[in-house]
1. Select from region A:367-460 those trypsin sites (Lys or Arg not before Pro) which occupy a DSSP coil region and have at most 16 other Cβ atoms within 10 Å, ordered by residue number.
2. Rounded to two decimals, what is the ratio between the C-alpha radius of gyration of region A:1-104 and 2.2 N^0.38 Å?
3. Roughly how many whole Å is it from the C-alpha centroid of region A:416-431 to that of region A:1-61?
4. Report, ordered by chain and residue number, the aspartates and glutamates lying within cross-link reach of A:LYS461, taken as a straight Cα distance under 13 Å and ignoring same-chain residues fewer than 8 apart.
5. With a ≥ b ≥ c the root eigenvalues of the C-alpha gyration tensor of region A:314-431, is it rounded (a/c under 1.5), prolate (a/b larger than b/c) or oblate?
6. At 0.36 nm per residue, minus the direct Cα-Cα distance, what do A:LYS462 and A:ILE153 gain on full extension? Give it in nm, one decimal, please.
7. Report the Stokes-Einstein translational diffusion coefficient (µm² s⁻¹, integer) for region A:95-169, Rh taken as the Kirkwood radius over Cα pairs, at 37 °C with viscosity 0.692 mPa s.
8. Roughly speaking, what is the centre-to-centre gap between region A:159-210 and region A:96-143 when only Cα atoms are used, to the nearest Å?
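The values are calculated or read from the model by the stated rules, or taken from the named source; none is laboratory data. Bear in mind that the values here come from a model prediction, so they are computed numbers and not experimental data. Positions of Cβ are backbone-derived with ideal geometry, glycine not excepted, and every protein chain shown enters the neighbour counts. Surface areas here come from the heavy atoms of the whole protein model, side chains and all, with no ligands, DNA or RNA. Shrake-Rupley method; radii C 1.70, N 1.55, O 1.52, S 1.80 Å.
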Amino acid sequence: MEILVYALYIIAFAMFILGLSGLTAPKSAVRGNKIAAAGMAVAFVATLIHIRDTSSWLLIIAALVVGVIVGIPPARRVKMTAVPQLVALFNGVGGGTVALIAWGEYIDSDGFTGLHVTSGPVLPLVIASLFAAIIGSLSFWGSIVAFMKLQQILPGHPLSVGRLQQPLNAILFIGAVVAAVIVGIGSASAGASPIWFVAILILAGILGVTMVLPIGGADMPVVISLLNALTGLSAAAAGLALNNIAMIVAGMIVGASGTILTNLMAKAMNRSILSIVAGGFGGGSGGSGAATSSAGDQVAKSTSAADAAIKLAYANQVIVVPGYGLAVAQAQHAVKDMAKVLEARGIEVKYAIHPVAGRMPGHMNVLLAEADVEYDAMKEMDDINGEFSRTDVTIVIGANDVTNPAARTDPNSPIFGMPVLNVTESRSVIVLKRSMSSGFAGIENPLFFGANTTMLFGDAKKSVAQVTEELKAL
Amino acid sequence: MDYTNFLANIAILVLSGFIGFAVISKVPNTLHTPLMSGTNAIHGIVVLGALVVLGTAENPGIPLQVISFVAIVFGTVNVIGGFVVTDRMLAMFKTRPTNAATDGKN
């Protein structure tokens, strides 16, 4: 029977890899996800066979039923604009599971002393479990904070204790590791007091909270990717401890995926992962003080929906630059409607998507896809940056820092060196914005005061709809 | 478990890391949200770990039962919710090639 379980696990992880390979193209992606889900079902059945002699069936079935009842409704009902927080939440519960598994093992093996009865690699297994406990708890609490920030239960801007932040995090981390070492040493003799294991979970949990709290809204894509990677790695560690190959493979793949995405996001912001985790983008010097001082001598030109419509009507090519503001205003359908009217006039409409636009990697693409925007019309930064000079009108909708020309021209800007969309190169720019306030990073954007720039103030969805009406009337 | 078994697991761990990098590197930016949400569902595999811990414990006490129960609930939410929301997202991308084709004809 155990051979069957093992064989099923192999089939399962082969299906995971096959399924993820499908995600390389939109055509095969749906099938890919289904293959991965089927692989999960196979692994699940294998596990049930493995534990067939258990006395806890009732409890297991009850837990599975509760999980299904709790898990499905939010996944089915969530608005596409709220996907980042849902992913953060699901990521968190995954991390929580890992921490609880480690705790369960600790209890079941009498503080890991049970492992010492068998000959073999006891120490590596104990270390793997303790690693899973630390990272799992960190990921759980960190993800909960990320969820609350995205859901705006907590304020989105960085919350930190200033200079004490890093020493505090270091102390928490060292504390969790020390507690883990005590549990590890204790496992060789009588077993350490359970208080120490709880201490690991608590210290790592607080570390998760203090790590994510100081990270500002615009850095969220990095945080979410990082937490995803951490949960994956902790799952792989738990798999090692439990001698479960399906968990090892799946966990490592997720760890690799999260690491790649984290790197991509950090590179797209021209910042190291470490500096983002250390927190405080725009929380200090680049904050509100700087924004008010320079706004006085420069005046942004505001425009009306009618004027914007006229400009658009006589363009040959229009590029739409979506940002988080588009998600907040849920303007994606309105944008698509406007694009339809423009396309009917023979105007080409493209979408320029910065890698960190929105609150998670690829966030804007999902929103536009929801509004039926063609997959081929969504352009990545490197592909479209050369096109702005050939573009008549660029419409910036709720995007700010990713269009900031200071990133290229002003060495004093906090975001200098960050790759941005070269919107200033287009013949004219219309910025849709609610007010003149600066973005999440709190950095002044010279784009708004550019000679070719006009501002259309108001709710993005309403503004776009008004422009569309004016276009139709022309 | 003996050392050979453990080292074989480490080998699997290292190889899957490389496979992960190779496969995921090919995913285009546009599909990064579904990728993240899909991999998120896949790490829900930890629910198996929770099942194993509870399922292989002889006479689990109340604390272990409570911890495992919560762990299984969390893990199930992670798996089911993750796959459902990913499927919804990807379904929106699915029609794209056909749409693009018809738009081209107009």
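1. Taking region A:367-460 and a limit of 16 other Cβ atoms within 10 Å, the loop trypsin sites (Lys or Arg not before Pro) found are A:ARG427, A:ARG434.
2. Details: Rg = 16.1 Å, N = 104, 2.2 N^0.38 = 12.8 Å.
Against the empirical 2.2 N^0.38 Å value, I get 1.25 for region A:1-104.
3. The two parts, judged by their Cα centres, are 46 Å apart.
4. A:ASP337, A:GLU469
5. Working: a/c = 1.98, a/b = 1.30, b/c = 1.52.
Here region A:314-431 falls in the oblate category.
6. Details: separation 309, 0.36 × 309 = 111.24 nm, distance 2.57 nm.
Separation in residues times 0.36 nm, less the Cα-Cα distance, equals 108.7 nm.
7. On the way: Rh = 14.7 Å.
Approximately 224 µm²/s, per Stokes-Einstein.
8. Each part reduced to its Cα centre gives a spacing of 14 Å.
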